[in-house]
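What follows is a short report on a single structure.
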Amino acid sequence: MIKLKKSLLAIVGLSALALVLSACEAQIVEVEVTRVVTETVVEEVMVEGEVVEVEKEVEVVVTATPEPAMEEEAASKDLIICMAQEPETLYVYGGGTLVASAIRHAVFENDITTLSYDFQAQGLVKLPSLSDGDAVINTVDVTEGDMVLVGGEPKALEVGDEVATADGETVTYEGGTISMEQMVVDFEMKPRVWSDGTPVSASDSVYSYSLAADPDTQSSKFNIDRTASYEATGDLTVQRTMIPGFLDSEYHIGFWGPLPEHAWGGFTAAELIEAEESSRMPMGDGPFVIEEWVPGERITMVKNENYYRASEGYPKVDTVTYRFIPDTNSLVLQLLSGECDIGTQDGMDVAQSPFLLEAEAQGQLTPYFQTGTVFEHIDFGINSYGDYGDGIGRPDWFEDVRVRQAMTMCTDRQSMVDNILYGRSEVIHTFIPSVHPLYPEGLTEWPFDVDAGNALLDEVGYVDSDGDGIREDSITGVPFAITLGTTTGNEMRQQLTQIFKDNMIECGIDVELYYQPAGEWFADGPDGVLFGRRFDLGEFAWLTGVNPACDLYISENITGPEEEGFGGWGNASETGWVNEEYDAICNAALGSLPGTPEYEENHKEAQRIFSQEVPVIPLFLRLKVAGAGTNVKNFGVDPTQNSELYNLFEIDLE
């Protein structure tokens with residue numbers, strides 16, 4: 001194996017050599033070689049009146065053009081990717097870990113990518129849309145017993161069920177026939193080939209759907225249960241028909257990526273979970289083929305000669321080796337020494353930033369810092385549950401929106417970004433970042449303003465009457481002393497909570513910090529403190545994405561017992577915040593389809609309400625951190641594409 005990078009000096013030397021070689025390739029010059037040789041010739045001379053032949057040695061100048069030397073075979077390009085974890089399986093329906101996804105990008109073609117808060121077709125010809133006609137909403141007649149959407153759930157229609165008719169009205173079904181809306185979506189794949197040379201077909205996508213639907217396959221059945229049929233309509237086309245009443249806001253990505261039925265058809269869905277052919281050495285249609293998997297050490301892949309984009313020069317490298325290095329420091333050192341070309345985000349974090357930045361300054365590697373889709377936030381216990389808070393055990397500190405606004409202004413979030421994330425992230429003001437295409441104008445962005453925060457708390461009536469630096473409740477005289485909890489073992493959270501505690505003292509609020517193991521902190525109610533709604537302030541993270549998650553904060557998702565009118569203890573909204581206007585607008589956004597004015601404006605208006613009401617203090621986006629050698633080309637980290645190896649086919653070594 002030939003490594004193309006060992007040090008900056010080696011890069012410079014190789015670059016110079018490359019220039020010379022490229023110059024030679026650009027112009028072939030035939031060179032004549034001149035030399036002097038001695039030859040014997042025969043001359044005719046007169047001897048005593050007779051002509052006789054005489055041999056004679058003479059020197060002759062000879063020129064010749066030599067045959068060109070055979071060109072040396074080009075050096076193999078061998079890409080070494082180092083990651084901290086080894087996947088348990090590569091089976092598509094066997095697990096969705098980040099490292100498994102990263103490696104599957106080498107084996108399977110991406111049907112759809114998720115770049116920069118949007119979706120793009122890659123293995124598909126295009127994403128279907130209502131405007132283009134490859135997605136349509138039909139009106140169909142349904143009768144008792146038909147599977148339809150009832151109250152947001154798939155259900156066989158019965159008398160007494162409330163359903164939405166094709167006219168947009170909600171009615172109680174009384175029997176007979178009623179009309180409902182039904183969405184039908186068509187997908188078309190690009191012509192491509194499995195690594196054994198067999199063409200990929202639409203039936204392979206239907207086979208994948210059938211595996212996903214099988215009860216033995218441990219994957220989400222949400223879309224399966226809301227699909228009436230999924231069938232091939234041509235060699236490369238499939239059609240998905242949804243159950244009446246279900247208008248999928250993500251209809252344009254509701255495609256099941258093909259799997260090789262001709263190779264796996266002899267296995268049951270349960271067998272495929274463990275089978276070597278699917279979990280360890282899966283056949284794919286991507287740019288590489290697995291050659292060897294050495295457990296605990298590496299996975300080696302070679303170029304797929306049948307890759308459908310081979311004529312375009314893809315993939316750019318000849319082999320890819322994934323090496324597993326659990327120790328972060330060792331991974332970074334091997335990246336620096338050139339033993340690794342790429343270090344993935346699962347093995348690196350913001351704690352290595354000083355070292356990575358110094359290495360970048362010396363020209364030894366290129367670090368990548370990218371804000372992702374995970375955002376940290378501090379939540380107010382606005383409406384607690386049971387015998388905790390809200391006037392029981394403590395004043396109802398957070399019901400007044402002015403208190404929440406004041407505490408937001410008292411929080412130095414930029415200091416958190418600068419001191420914890422080395423200034424590489426951004427303060428956020430809602431549940432999506434400012435680069436999101438649905439980030440609205442007119443959003444309230446609360447500044448760090450201690451004076452304004454203190455003035456607002458004075459206005460509410462929480463003042464420091466005894467001069468000890470801590471405000472009191474004007475009615476009970478109870479000091480404004482509260483708790484803030486989060487998870488143990490997370491240095492970033494320990495730092496940010498300490499900054500927050502120091503900030504609050506400047507506004508007359510005493511904060512006591514406490515930490516719990518993640519299993520306890522995130523436990524469902526009523527046992528868990530956070531999701532049991534028995535906390536003052538709670539710090540944790542949510543995931544955002546292409547579609548803004550306004551439903552995290554609607555009142556129907558408040559955690560609590562269903563028999564008391566809450567959404568259930570497994571629900572998401574633990575603040576207890578209720579705002580009817582927000583609920584209506586968020587639900588309207590969730591009920592709209594992407595690309596429509598209703599979808600865009602309702603999502604934006606929901607954020608405007610959220611930012612003004614601040615049921616939580618949005619803090620900052622977490623960082624994705626990765627690194628690569630300076631000779632690695634076409635590599636990058638995207639905010640919404642989870643794995644940075646999504647474009648492995650075009651990553652190159654200079």
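Identify the residue in the stretch 169-195 that is more than 18 Å from S229 (Cβ to Cβ) and of a type in the set (F, W, Y) and, among all such residues, is surrounded by the fewest Cβ atoms within 10 Å (Cβ to Cβ).
Y173
Take H252 and tell me if it is surrounded by 21 or more Cβ atoms within 10 Å (Cβ to Cβ) and part of a helix (DSSP H, G or I).
Answer is yes for this residue.
Which of the residues that make up the stretch 359-390 are in a strand (DSSP E or B) and acidic (D, E)?
Once the filter is applied, which keeps residues that are in a strand (DSSP E or B) and acidic (D, E), the stretch 359-390 yields E376, D379.
For G381, state whether it is modelled with pLDDT of 95 or more, within 24 Å of the chain's Cα centre (by Cα) and either buried (at least 18 other Cβ atoms within 10 Å of the Cβ) or assigned by TED's automatic domain parsing to the domain that holds E88 (or both).
No, not satisfied.
Taking A584, is it of a type outside the set (D, E, K, R) and either touching a Leu at 6+ places or on another chain (Cβ under 6 Å) or surrounded by 22 or more Cβ atoms within 10 Å (Cβ to Cβ) (or both)?
Spelling it out, it is not the case that A584 is of a type outside the set (D, E, K, R) and either touching a Leu at 6+ places or on another chain (Cβ under 6 Å) or surrounded by 22 or more Cβ atoms within 10 Å (Cβ to Cβ) (or both).
So D418 ticks every box in (1) under 30 Å from L357 (Cα atoms); (2) of a type outside the set (V, I, T); (3) modelled with pLDDT of 95 or more; (4) not in a helix (DSSP H, G or I) but one. Which box is left unticked?
All conditions are met except number (4).
Quick one: which residue in E158, E181 is among the acidic types (D, E) and under 36 Å from the mean Cα position of the chain (by Cα)?
Of the residues listed, the single one that is among the acidic types (D, E) and under 36 Å from the mean Cα position of the chain (by Cα) is E181.
Taking only the stretch 226-245 into account, find how many residues are surrounded by 15 or more Cβ atoms within 10 Å (Cβ to Cβ) and within 22 Å of G152 (Cβ to Cβ).
The number of residues fulfilling the criteria is 10.
Considering only residues that are surrounded by fewer than 20 Cβ atoms within 10 Å (Cβ to Cβ) and touching a residue at least 24 places away in the same chain (Cβ under 8 Å), which ones fall in the stretch 128-139?
Within the stretch 128-139, S129, L130, S131, D134, V136, I137, N138, T139 qualify.
When you look at V99, is it within 30 Å of T371 (Cβ to Cβ), among the β-branched types (V, I, T), surrounded by 19 or more Cβ atoms within 10 Å (Cβ to Cβ) and touching a residue at least 60 places away in the same chain (Cβ under 8 Å), yes or no?
In short, yes.
Looking at (1) surrounded by 23 or more Cβ atoms within 10 Å (Cβ to Cβ); (2) within 25 Å of G151 (Cα to Cα), which is the one condition that is false for N579?
(1)
Let's see how each residue does on (1) in a helix (DSSP H, G or I); (2) in contact with a strand residue (DSSP E or B) (Cβ under 8 Å, 6 or more places away or on another chain); (3) under 24 Å from I137 (Cβ atoms):
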site	(1), (2), (3)
G576	no, yes, no
S592	no, no, yes
G595	no, no, yes
Q607	yes, no, no
I617	no, yes, no
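With respect to S425, determine if the residue is among the hydroxyl-bearing types (S, T, Y) and either free of Cβ contacts under 8 Å to residues at least 12 places away in the same chain or part of a strand (DSSP E or B) (or both). Explain how you work it out, then say what you get.
Details: among the hydroxyl-bearing types (S, T, Y): yes; either free of Cβ contacts under 8 Å to residues at least 12 places away in the same chain or part of a strand (DSSP E or B) (or both): no.
So S425 fails the test.
Looking at the stretch 543-557, which of the residues that are surrounded by fewer than 20 Cβ atoms within 10 Å (Cβ to Cβ) and touching a strand residue (DSSP E or B) at 6+ places or on another chain (Cβ under 6 Å) is nearest to Y514 (Cα to Cα)?
L543
Can you run down the residue pairs with Cβ atoms below 8 Å, 6 or more apart or on separate chains, where the first is in the stretch 554-574 and not assigned by TED's automatic domain parsing to the domain that holds V529 and the partner is among the charged types (D, E, K, R) and in a helix (DSSP H, G or I)?
Within 8 Å, the pairs are I554/D583; S555/E580; S555/D583; E556/D583; N557/D551; G567/E556; G568/E562; A572/D551.
Which one of these does C340 not meet: (1) within 25 Å of M416 (Cβ to Cβ); (2) of a type in the set (A, V, I, L, M, F, W, C); (3) touching a strand residue (DSSP E or B) at 6+ places or on another chain (Cβ under 6 Å)?
Unmet condition: (1).
In the list G519, G560, G508, which residue meets the criterion of being surrounded by fewer than 20 Cβ atoms within 10 Å (Cβ to Cβ) and not in a strand (DSSP E or B)?
Numbers: G560 fails: surrounded by fewer than 20 Cβ atoms within 10 Å (Cβ to Cβ); G508 fails: surrounded by fewer than 20 Cβ atoms within 10 Å (Cβ to Cβ).
On inspection, the qualifying residue turns out to be G519.
Right, Y117: surrounded by 12 or more Cβ atoms within 10 Å (Cβ to Cβ), modelled with pLDDT under 95, of a type in the set (F, W, Y) and not assigned by TED's automatic domain parsing to the domain that holds P639 or not?
Considered against the rule, which asks whether it is surrounded by 12 or more Cβ atoms within 10 Å (Cβ to Cβ), modelled with pLDDT under 95, of a type in the set (F, W, Y) and not assigned by TED's automatic domain parsing to the domain that holds P639, Y117 comes out as yes.
Do we have any residue at all in the stretch 290-301 that's among the hydrophobic types (A, V, I, L, M, F, W, C), within 30 Å of A164 (Cβ to Cβ) and modelled with pLDDT of 95 or more?
The answer is no; no qualifying residue exists.
Test S278 against the criterion of being buried (at least 22 other Cβ atoms within 10 Å of the Cβ) and either at pLDDT below 95 or not hydrophobic (A, V, I, L, M, F, W, C) (or both), and give yes or no. Lay out the reasoning, then the answer.
On the way: buried (at least 22 other Cβ atoms within 10 Å of the Cβ): yes; either at pLDDT below 95 or not hydrophobic (A, V, I, L, M, F, W, C) (or both): yes.
Yes, satisfied.
Out of (1) outside any loop (DSSP other than H, G, I, E, B); (2) free of Cβ contacts under 8 Å to residues at least 24 places away in the same chain, what's the single condition that is false for E399?
(1)
List pairs: first in the stretch 587-612 and in the same structural domain as L443 (by TED's automatic domain parsing) and touching a residue at least 24 places away in the same chain (Cβ under 8 Å), second surrounded by 19 or more Cβ atoms within 10 Å (Cβ to Cβ) and of a type in the set (K, R), Cβ under 8 Å, 6+ apart or cross-chain?
Nothing qualifies.
With the checklist (1) buried (at least 16 other Cβ atoms within 10 Å of the Cβ); (2) modelled with pLDDT of 95 or more in hand, flag the one item Y514 doesn't pass.
The number of the failed condition is (1).
For the stretch 470-486, name all the residues that are under 45 Å from the mean Cα position of the chain (by Cα) and outside any strand (DSSP E or B).
Once the filter is applied, which keeps residues that are under 45 Å from the mean Cα position of the chain (by Cα) and outside any strand (DSSP E or B), the stretch 470-486 yields I470, R471, F480.
Please specify each residue of the stretch 266-281 satisfying the condition of being in contact (Cβ under 8 Å) with a residue 12 or more places away in the chain and either in a helix (DSSP H, G or I) or in the same structural domain as V92 (by TED's automatic domain parsing) (or both).
The answer is A269, A270, L272, E277, S278, S279.
Which condition number in (1) among the polar types (S, T, N, Q); (2) in a helix (DSSP H, G or I); (3) more than 26 Å from D132 (Cα to Cα) is the one that S203 fails?
(3)
The values are calculated or read from the model by the stated rules, or taken from the named source; none is laboratory data. Source: prediction; values computed, not measured. Virtual Cβ from ideal backbone geometry, glycine too; neighbours counted across all protein chains shown.
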